[in-house]
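These notes are about the structure you will find just below.
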Amino acid sequence: MQVGFSLQADLMASGSLLHATTGRLLKALSDGGVDFYAVAAAIHLGKQFPIQTSHETEVSSLLSARAGRAGYLAKALNIGWGHSDIAIELARTRAGTSALLTIGALATGATIYETTQAFAELLSLGGCPAEEMPNIDALKTMVTYLAPFMADFGFRRVFQYIVTASRRRCSEAGCQSPIGLEAKGEATEWAKVVRQLVFTAQRTETLYLQVAQRGAWIAAYASHILCMAVQVLLEEVVLWESAGTAGAVCIQLAQSMGKKQISIADNERFHIVVPPTTNEGQQAMALDYAIGEALAAEISFDKRITPAIADSIERAIVRLCATLRSSLRMNFRNSPVYVKSYHRINGTFSNLDSDLGEQCAIFGISPQNFETGISTRSQRIKAWSGRDGTVIQDHGLQYLDLSEAIQLRHICGSHGANPDRPIIILHCLCCRIGGIIHGFGVTILALMQCIYDPSELRIQADVVNSSRLTPWTRIAISGGLKVEGLATAAYLFVHLSQLVHGLEALKESDILGFTGIDVLAVSIDNVSIYYRALLDSEAFDSKGRTMTIVSGRISYRGVLRRLVKEETGLPFGNLPGYPEGNSARMTDGFVVVPHYAKGPIEAVMEVTLGEDAFWIKCRLTSQDRSQSGDMELSLCIYNLLLTTITGPCSHKKNHGWSASKEFPINIVTLSGPRRKSLGQDNTVFAFALKGSTLEQLFQIGILGPRLCVIQGESCLKCAVQEYGIGKSLRNCIIMT
């Protein structure tokens, strides 16, 4: 099918582009750095791709629901979808909506570069002359900007379901999943099929394809975008099928022609999609899951995994999590130049088994398997994957139950046939299970440090099954009951980014190894990961979770950057210039209860737009701005996770505490380093910061873990007595 294409004429005359001349859209294009000609080309291509009326309504509703909000302290930053003007304007027309759907579909399972390359190929096939084609950089910027808006439309879910169902059906039929089901392929080849599918759907005809690349993606596009009836076959085995109203397509993944293919081989409706010719094209497309479906999906791919083995896998993940949670240590700084102490993943906050249980339940681990795994957390067996198995896979296998491990080894084949001298084959079931146990375990530990909505989160399959290793994955290796090595916050950011970012994820080289810089946020694709104190009104919770994962991007006046950073320096000291808060000494017998008092100083954040990042500068300043001092948000978070938190006592938390000669009490509001008061006598400095975790964070950052204690579940009196506050260097308590 050949269609005329005239970009210049479309720009000058097409009514569908009149909205592109509005000042709001032109400003949005300018702010986002999106090329006008690229958007115009996308709209023209959208005219050639039919969509359903229901799709127009769904896309419009999806974009209308996208909201953004300003940061709490960093008010110049916007989190969410405050940069959505371009997408909203495009969705006002059918052609623009079609363009958005096409970009969203192309971005599924692909990188930004692959998506851009495929889009350019579709433009070329649509009749766009080379001299009118927007350059690849202009198209890439547009794709990067628009693709995240369509991530939740549903195409990813359909693609994942087709892959999952097809793999499971192949296992049930006793055959290997064909490479053509998931191979990335080459755009010059499969883009022709897209054009043919569009032509067939418009004429409500039937198309027969013999496919050696992108089989699941082609099925998803035909079904979800074009509303065609689809049948996916491997020889005579039906792997997946769906009904439709706009014609039909039969996708054959077997490369040998059966009787049916031979009978229609001369038919003009029969097309062959040849195998990819490059190594890159033969690689599998990226696959993601809803977080609650990921573990069940990975286990379901092989019918040899019995319910007993599946339960043992869940218990093994729990044991691994419990072991690493108690022994893994983290250094907040990218490079430990100034930092010598290390903390647990959630600091000294709540370390209850129930906290781990909540995370495991999100991944679908049953309460029974969690309880059994926790009660047998020290149980280990000897791994058996052999010299060709990876350290990661060996580590995961150690946590299985012995009886199920024996069963797994027997059914694996590569191990059961010769147990004394195992030979690892490419699809060794034992190694795959070991990778799943380790990958899910370390991912649960990473997510324990974050607040997120499980219903919004999709996670990458190759991260949780350990096919792709991150620094966090590699460092979290337990030898016995200990961990060799230390994790850093930079490791955590890389792991979380590669876990939730599908189009483009953070690389190790992006943030590892840099001194004098700390990362506060990563904002890529349709998801942002950031420290809560950066944008939220709360900095942490009772479980020590200091990070947030949310849908949307961090923007500054419509401009996007992948990272938010701050420069690092020396810890706080008794430096001149820092403003001090109010302080009041309580008389003998005065009863103090946890409370909040507003003082004369406040924390502010300044934002600077850099070439590759937003830069943050935190200050503690007086209300009249006559005094101020720099603060490091990253150092405050680090000090928080090092600081002691009091446990429960026999009293209620708000139980009163009387000032006395033995324990004089000074009530203090948020304050910079107090040069004249701290550490001079037995005075206890109680900081009146109840309910304001942001101010608590900054105060802890200023004082440091040697000087203060955080009031946890205990009353003030018991906290002071238990930790000897006022009788040593440690003479401050943060009221919460």
Please verify whether Glu114 is surrounded by fewer than 23 Cβ atoms within 10 Å (Cβ to Cβ) and either assigned to a loop (DSSP other than H, G, I, E, B) or under 26 Å from the mean Cα position of the chain (by Cα) (or both), treating the condition exactly as stated. yes
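Can you name the helices (runs of 4 or more DSSP H) wholly within region 133-249 that have at least 1 residues being closer than 17 Å to Leu122 by Cα, in contact (Cβ under 8 Å) with a residue 60 or more places away in the chain and touching a Lys or Arg at 6+ places or on another chain (Cβ under 8 Å)? Lay out the reasoning, then the answer.
Working: elements: 136-146, 155-172, 187-202, 215-220.
Passing ranges, in order: 187-202.
With β-branched (Val, Ile, Thr), in contact (Cβ under 8 Å) with a residue 40 or more places away in the chain, farther than 12 Å from Cys732 by Cβ and not in a strand (DSSP E or B) as the only criterion, which of Ile637, Ile700 stands out? Reasoning before the result, please.
Working: Ile700 fails: farther than 12 Å from Cys732 by Cβ.
On inspection, the qualifying residue turns out to be Ile637.
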Cβ-Cβ under 6 Å, sequence separation 6+ or interchain: first residue in region 485-501 and in contact (Cβ under 8 Å) with a residue 60 or more places away in the chain, partner in a helix (DSSP H, G or I) and open to solvent by 10 Å² or more (accessible area, probe 1.4 Å). Which pairs? Ala487/Ile475
Since Glu606 meets every condition but one in (1) open to solvent by 70 Å² or more (accessible area, probe 1.4 Å); (2) of a type in the set (Asp, Glu); (3) more than 21 Å from Ser537 (Cα to Cα), which condition does it not meet? (3)
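Let's see how each residue does on (1) over 26 Å from the mean Cα position of the chain (by Cα); (2) part of a helix (DSSP H, G or I); (3) at pLDDT 85 or above:
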| position | (1), (2), (3) |
| --- | --- |
| Arg24 | yes, yes, no |
| Leu45 | yes, yes, yes |
| Ile51 | yes, no, yes |
| Thr57 | yes, yes, yes |
| Leu63 | no, yes, yes |
| Lys75 | no, no, yes |
| Gly82 | no, no, no |
| Ile86 | no, yes, yes |
For region 153-167: of the residues being buried (at least 23 other Cβ atoms within 10 Å of the Cβ) and of a type in the set (A, V, I, L, M), which is nearest to Gln52 (Cα to Cα)? Ile162
Quick one: in region 268-322, of everything that is open to solvent by 40 Å² or more (accessible area, probe 1.4 Å) and in contact with a Leu (Cβ under 7 Å, 6 or more places away or on another chain), which residue is modelled with the lowest pLDDT? Arg269
Could you pull out every one of the helices (runs of 4 or more DSSP H) wholly within region 272-385 that has 1 or more residues that are among the acidic types (Asp, Glu) and within 23 Å of the chain's Cα centre (by Cα)? 294-300, 307-327, 353-362
Pairs with Cβ under 7 Å, 6+ apart, first in region 647-663 and polar (S, T, N, Q), second open to solvent by 70 Å² or more (accessible area, probe 1.4 Å): Ser658/Phe590; Ser658/Val591; Ser660/Asp588
All conditions in (1) buried (at least 16 other Cβ atoms within 10 Å of the Cβ); (2) more than 18 Å from Ala76 (Cα to Cα); (3) at pLDDT 90 or above are true of Ala613 except (2)
Within region 650-680, considering residues that are at pLDDT 90 or above and hydrophobic (A, V, I, L, M, F, W, C), the one surrounded by the fewest Cβ atoms within 10 Å (Cβ to Cβ): Ile667
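Scan the strands (runs of 3 or more DSSP E) fully inside region 438-543 and keep the ones with 2 or more residues being within 30 Å of Ala603 (Cβ to Cβ) and touching a strand residue (DSSP E or B) at 6+ places or on another chain (Cβ under 6 Å).
Correct list: 450-452, 517-524, 527-531.
The values are calculated or read from the model by the stated rules, or taken from the named source; none is laboratory data. Being a predicted model, the structure only gives us computed values, none of them experimental. Quick reminder, even Gly has a Cβ in these numbers, built from the backbone with ideal geometry, and neighbours come from all protein chains shown. Side chains included, ligands, DNA and RNA excluded: accessible areas come from the protein's heavy atoms. Shrake-Rupley method; radii C 1.70, N 1.55, O 1.52, S 1.80 Å.
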